[in-house]
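J.: One structure, as structure tokens, below. Some questions next.
Any read-out appearing in this document is the output of simple, stated calculations on the displayed coordinates, not a laboratory observation. Treat the numbers as computed from the prediction; the structure is a model and nothing was measured. Here Cβ is always computed from backbone atoms with ideal geometry, including for glycine, and neighbour counts include all displayed protein chains.
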Amino acid sequence: MTLLDSAPAVPAATSTSVTPRSWLRRNRGLLLLGAGLVLALLLLVLTTGVGRSGSLDPDSYEPAGGRALATLLRDQGVTVQRTGDVPSTVDGLPAGATIFVSDPSLLTSLELSDLQGAGAHLVLAGAAPETVQLLGLDASTGGSATEQQREPGCGYAPAVAAGTVQTGGYQYGGEDPHGQRCYDGTLLHLPDQDIVLLGSGKVLTNQRLGDDGDAELGLRLLGQGSTVRWLVPDPNRAVEGERKATSFGDLLPGWVNAAENWLFVLAVVVIAWRGRRLGRVVPEPLPVVVRAAETVEGRGRLYRAAGAREVAGEALRSGARDRLGKRLGAGRHPTPESLVELVARRSSRAGADVEALLYGPPPADDDALVRLARDLDALTKEVSGS
């Protein structure tokens, strides 16, 4: 038997190639998750449709939108035009047209005046007391009524044709002898100004249009002419006579700036009151008192254990030089030459001996280190005692 025959058999290399079937098996979880997300998005698009979003927007499919009423009006041959500002609403307005405002609280007094002077049938949804006051109508606004089924209770033709509707919101009254209050005051028709005030616009939304006579009421109110300008005020529209905000501070109420100033003053007062004051140094008791001799002894043991004779010798010499320099008035950082000269003159030793002792080579062994310590101590005593 040869050496090759007795060698152990080497297992065949396994294939590392990835087949489409193995890749699908390994990633089937992610694929199923992705397919589920795509299906959910597709169903969401199909069920919600496309268009704008917003309350009483004629292009909105949302429950609070007005797409359903706009579609019914178009089916009856009425032209419905969505606008975002007053100039485009009153521009080229045909005779007998209707202007419907989805949120009159967003309009200024000048814009409301322009709508009144357009000569159109004006319908305002959810007209608040401030809006009624800006319009200068002979009407008053009371409390808010809950949404519930109400009977017309008046002779106004659209309300009579619609019959029972589910409505609520603001309740209107007034001294206009020709005014017609319907549905417990949640609808007020002022024929002299050709204005209709609706306490709430929910009666005309997609969600509520199928209830009772809500659809009939909407068609009668807005479908009197051949054209409806459906005004959905754009909050970012340019308003004549109104200063446009140029910074974030312009968008804040006026009291915010005053509050900021008071908060700044209050912060300064609190800092002055609670700030740390500098006073005399207060001694604190030490948790442990260690004698100096023990510290020196412990440091010496560390030097001995590490065999750091060079470091220990330099520490001894540095301490001796500092003490001698202070004793002789050599200054904070004397040069070796000047210090050696002063020490030699005071001790009557040769300069070479003093230089070897203060700046010499490190001790070669422990005995040399001990001798160095003794010689430095003797030199210091000699200079101090002279």
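J.: Over all directions, how big on average is the projection of the convex hull of the alpha-carbon atoms in segment 79-120, in square nanometres?
T.: 2.9 nm²
J.: Any chance you could check the Cα centroid distance between segment 137-178 and segment 314-386 for me, in angstrom?
T.: Here the answer is 112 Å between Cα centres.
J.: Also, I was wondering about something else. Roughly how many whole Å is it from the C-alpha centroid of segment 59-115 to that of segment 184-232?
T.: Their Cα centres are 12 Å away from one another.
J.: By counting other Cβ atoms within 10 Å of each Cβ, how are His178, His189, His333, His121 ranked from fewest to most?
T.: Ordered by Cβ neighbours within 10 Å, fewest first: His333, His178, His121, His189.
J.: So if we plug the beta-carbon distance of Val290 and Ala267 into 1/(1 + (r/R0)^6) with R0 = 51 Å, what FRET efficiency do we get, rounded to 0.05?
T.: With a Förster radius of 51 Å, E is 0.65.
J.: Let me ask another. When Lys and Arg each count +1 and Asp and Glu each count -1, what net charge do the other residues less than 11 Å away from Asp192, Cβ to Cβ, add up to?
T.: Around Asp192, the charge tally is -3.
J.: Please give, to one decimal in nm, the separation of the simple spin-label points placed at Arg301 and Lys326, each 7 Å out from Cα toward the Cβ.
T.: That separation, rounded to one decimal, is 2.8 nm.
J.: Would you mind listing how long segment 67-231 runs along its three principal axes, going by Cα atoms, in whole Å with the largest first?
T.: 38, 36, 25
J.: Let me see the P(r) profile for segment 47-134: every Cα-Cα distance counted, bins of 10 Å, each bin given as a percent of all pairs.
T.: Answer for segment 47-134: a P(r) of 16, 45, 32, 6, 0 percent.
J.: How far, in degrees from 0 to 90, does helix 254-274 lean away from the longest principal axis of the Cα atoms of the chain, to the nearest 10?
T.: Result, in degrees: 20.
J.: Report the equivalent ellipsoid semi-axes for the chain in whole Å, largest first, defined as the square roots of five times the eigenvalues of the gyration tensor built from alpha carbon atoms.
T.: 99, 44, 20
J.: Please work out the FRET efficiency for the pair Tyr359 and Val282, using the Cβ-Cβ distance as r and a Förster radius of 45 Å; give the result to the nearest 0.05.
T.: Efficiency computed from Cβ-Cβ geometry: 0.55.
J.: Kindly write out, for segment 313-325 in residue order, the coupling ³J(HN,Hα) from the Karplus curve 6.51 cos²θ - 1.76 cosθ + 1.60 (θ = phi - 60°), rounded to whole Hz, with x marking Gly and Pro.
T.: After applying 6.51 cos²θ - 1.76 cosθ + 1.60, I find x, 5, 5, 5, 5, 4, x, 5, 4, 5, 5, 5, x Hz.
J.: Rg/Rh for segment 303-385 to two decimals, with Rh computed the Kirkwood way over all alpha-carbon pairs.
T.: That ratio equals 0.97.
J.: Which of Gly29, Gly77, Gly66 ends up with the largest GNM mean-square fluctuation for the chain, with Cα atoms connected below 10 Å?
T.: Its mean-square fluctuation being the largest, the pick is Gly29.
J.: Using 0.36 nm per residue, how much length does the chain from Arg26 to Asp91 gain when fully extended, once their Cα-Cα distance is taken away?
T.: 16.9 nm
J.: Given a Förster radius of 25 Å and the C-beta distance between Ala259 and Asn236 as r, what FRET efficiency does 1/(1 + (r/R0)^6) yield to the nearest 0.05?
T.: The calculated FRET efficiency here is 0.40.
J.: Hey, another quick one. Can you check what the net charge comes to around Leu69, using other residues whose Cβ is under 14 Å from the Cβ of Leu69 (Lys, Arg +1; Asp, Glu -1)?
T.: Summing Lys/Arg as +1 and Asp/Glu as -1 gives -1.
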